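Worksheet for the structure shown next.
The values are calculated or read from the model by the stated rules, or taken from the named source; none is laboratory data. No experiment lies behind these values; they were computed from the predicted model shown. Quick reminder, even Gly has a Cβ in these numbers, built from the backbone with ideal geometry, and neighbours come from all protein chains shown. Calculation scope for accessible area: heavy atoms of the full protein, side chains included, ligands and nucleic acids excluded. Shrake-Rupley method; radii C 1.70, N 1.55, O 1.52, S 1.80 Å.
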Amino acid sequence: MLKKTLFAAATAVFATLAAGVAHAEPAKPECIAPAKPGGGFDLTCKLAQSGLQDGGLLKAPMRVTYMPGGIGAVAYNTVIANRPAEAGTIVAFSGGSFLNLAIGKFGKYNENDVKWLAAVGADYGAIIVRADAPFQSLKDLIEATRANPGKVVYGAGGSVGSQDWMKSALIAREAGVNHKNMRYVAFEGGGEAMAALMGGHVQAYSGDASEVLGHLKGGRIKVLAILAPERLKGELADIPTAMEQGYNVNWTITRGFYVGPKVADADYQWWLQAFDTMMATPEFDKLREERGLFPYHLTGDALTAYVQKEVARYRELAAEFGLTAQ
């Protein structure tokens, strides 16, 4: 009898929760990609669009809109100042957003001015050299940089102060080399940087783990280190992290979403449950893998604490490397 009573009570609770969730579901869901079509923010929005719609978690189709400017600054400021309570609007972020917040590129707003919703995947920095390079380990590259900073040229798809530059600067720091004396060449994107590496114009490319699989299979490159807290699974499992090689370099590129600061709690909770449900499915695992991302699941309070910790870490790095908002 007691079991039947408990079961009936639990059923009633779940029914109430389900009713509340249905009530809070957005009628016109939208994902803002804070850049032009085709980049990482677009990829992030379309990952959520496919996952939520294919999983039957959204009845109405989610539209993706584009709001380029300031590598996320325009979208961040617009949502906070002009669209703070839009329950159906989520905005894509990346780990680069944390660096820009730390430097002050988002203007007067900081990491506490939005509601962080969900991290749905991650990429990680990678230190890449040509297959015929003399470096067999990250230590070899660091020792060569220490011995002759002008001879080892680093390249990546980002200007000085960007997250791609920061990966190279962190390696230089481990070599005891002032970042101002580091030889660094900025390219328009990862494709150009990889081509420069293949052509011998740079000796090391500070790229991303998601970029390397095709090149590794072709035998054209070596990955000296993955800049992750621990080894990745799957096809990159044999590549050591910088940290396990004794170098304190970790560059996790988180991808996810936030909502406006005045979004009602019921609506925010609906999104949380939807993302938690979506990310627990094997179908979403496949969607994420198809987009070159690695598993990374944080929502709600756990994500908020992570963001605050990361922005604080980037502020320390920005101060150390003399980075300021331009």
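Miscellaneous remarks
- Residue identified as of a type in the set (A, V, I, L, M, F, W, C), modelled with pLDDT under 90, farther than 23 Å from Arg255 by Cβ and loosely packed, with under 12 Cβ neighbours inside 10 Å among Ala24, Ala8: Ala8
- Flag: Ile221 does not match the condition of being open to solvent by less than 20 Å² (accessible area, probe 1.4 Å), more than 16 Å from Ala119 (Cβ to Cβ), under 16 Å from the mean Cα position of the chain (by Cα) and β-branched (Val, Ile, Thr).
- Looking only at the range 99-137, and only at residues there that are assigned to a helix (DSSP H, G or I) and out of contact with any Ser or Thr (no Cβ under 9 Å at 6 or more places or on another chain), the one that is modelled with the lowest pLDDT: Asn100
- So Gly158, is it out of contact with any Cys (no Cβ under 8 Å at 6 or more places or on another chain), modelled with pLDDT under 95, assigned to a loop (DSSP other than H, G, I, E, B) and open to solvent by less than 20 Å² (accessible area, probe 1.4 Å): yes
- A single entry from Thr241, Thr254 fulfils the requirement of being over 16 Å from the mean Cα position of the chain (by Cα), of a type in the set (S, T, N, Q) and open to solvent by less than 10 Å² (accessible area, probe 1.4 Å): Thr241.
- Flag for Gln273 being among the polar types (S, T, N, Q), in contact (Cβ under 8 Å) with a residue 60 or more places away in the chain and over 29 Å from Thr78 (Cα atoms): no
- Cβ-Cβ distances below 7 Å connect the following pairs, each with a first residue in the range 231-247 that is in contact (Cβ under 8 Å) with a residue 40 or more places away in the chain and closer than 14 Å to Ala175 by Cα, a second residue that is open to solvent by 20 Å² or more (accessible area, probe 1.4 Å) and not in a helix (DSSP H, G or I), and a separation of six or more residues or different chains: Gln245/Ser137.
Here is a yes/no grid of residues against (1) closer than 17 Å to Leu138 by Cα; (2) of a type in the set (A, V, I, L, M):
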position: Ala193; (1), (2): no, yes
position: His201; (1), (2): no, no
position: Ser206; (1), (2): yes, no
position: Leu213; (1), (2): no, yes
position: Leu224; (1), (2): yes, yes
position: Glu230; (1), (2): yes, no
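- Filter result for His215 (touching a helix residue (DSSP H, G or I) at 6+ places or on another chain (Cβ under 9 Å) and either closer than 28 Å to Gly121 by Cβ or charged (D, E, K, R) (or both)): yes
- Screening the range 208-326 for helices (runs of 4 or more DSSP H) wholly inside it with 2 or more residues that are over 24 Å from Pro134 (Cα atoms) and at pLDDT below 95 returns the ranges 282-290, 300-321.
- For the range 102-137, the set of residues classified as open to solvent by 50 Å² or more (accessible area, probe 1.4 Å), basic (Lys, Arg), touching a residue at least 12 places away in the same chain (Cβ under 8 Å) and over 21 Å from Phe321 (Cα atoms) consists of Arg130 only.
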